[in-house]
1. Nearest 5 is fine: what % of DSSP beta bridges in the range 2-186 come out antiparallel, could you say?
2. Using Cα pairs closer than 8 Å and at least 6 residues apart in sequence, work out the relative contact order for the range 2-186, in percent.
3. Would you mind classifying the range 90-143 by shape? Square roots of the alpha carbon gyration tensor eigenvalues, ordered a ≥ b ≥ c; an a/c under 1.5 is rounded, otherwise it is prolate if a/b is larger than b/c and oblate if not.
4. So how far, in whole Å, is the C-alpha centre of the range 77-124 from the one of the range 1-42?
5. Shape of the range 49-185 from its Cα gyration tensor (a ≥ b ≥ c, root eigenvalues): rounded if a/c is under 1.5, otherwise prolate when a/b > b/c, or oblate?
6. Kindly provide the helix-only [θ] at 222 nm of the chain, computed as the sum of -39,500 (n - 2.57) over DSSP H runs of four or more divided by all residues, to the nearest 500 deg cm²/dmol?
7. Only counting other Cβ atoms within 10 Å, I'd like 44, 121 sorted with the fewest neighbours first.
8. With a/c under 1.5 counting as rounded, go ahead and sort the chain into rounded, prolate or oblate using the C-alpha gyration tensor (a ≥ b ≥ c being the square roots of the eigenvalues; past the cut-off, prolate if a/b is larger than b/c, else oblate).
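Nothing in this text is a laboratory measurement; each read-out follows from the coordinates by a stated rule. None of these values were measured; they are calculated from a predicted model. A quick note on method: Cβ atoms are made from the backbone with ideal geometry, for glycine too, and the neighbour counts reach across all protein chains shown.
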């Protein structure tokens, strides 16, 4: 895993972290996708599985760079092309790797687990602000996660974004690409170093907006949390 860590970076998911799965099937699988937020899992199914990590889990940080809005651009197409150069396709998208071709996805997962000792990844949800964790394989998952309960969309008990607990150690390449992206969007009069300050001001204003409309502040804070805040970039 060391080589991939250097290229992409890695994350540690602490023991006791909640992960949310919008799915009816509760059985352990070789490839399982989880949202870091309860409400995001509710997009996929009315019934939301609440899982909890039994041990600390190290996963690959599969994000190429962040946009000024905090959206994570997935590294999964590049990861697949790197590991399977004979099948390389520059036009691959995030969904091409994760969902449109399950044979391709499962092939990548098996290779990562068997040859690189990678047991999962953290990436964005379709290059957007929400994030997801993918864990594999079935045997490893039986030792590292457990099902706590089945919830539903209206349950307000699980409002926290588990991204706040996850520790992320990006590669230098991630920082370089992110800073290049932020420079494109920065104002010549304000300078690049004000970019993060402006993002925090936007988040604060959004939290205030939700609070004024009846949401608890801590719930609004988790709702607006993203990778830029986690990494302070």
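1. Working: 33 of 35 bridges.
For the range 2-186, the DSSP antiparallel bridge percentage is about 95.
2. Rounded, it is 36 percent for the range 2-186.
3. Working: a/c = 2.19, a/b = 1.37, b/c = 1.60.
Note, shape of the range 90-143 comes out oblate.
4. Computed from Cα coordinates, the inter-centre distance equals 16 Å.
5. Details: a/c = 1.76, a/b = 1.18, b/c = 1.48.
It comes out oblate by the Cα gyration axes.
6. One gets -10500 deg cm²/dmol as the mean residue ellipticity at 222 nm.
7. On the way: 44 15, 121 26.
Exposure proxy ranking, most exposed first: 44, 121.
8. On the way: a/c = 1.89, a/b = 1.11, b/c = 1.71.
Note, shape of the chain comes out oblate.
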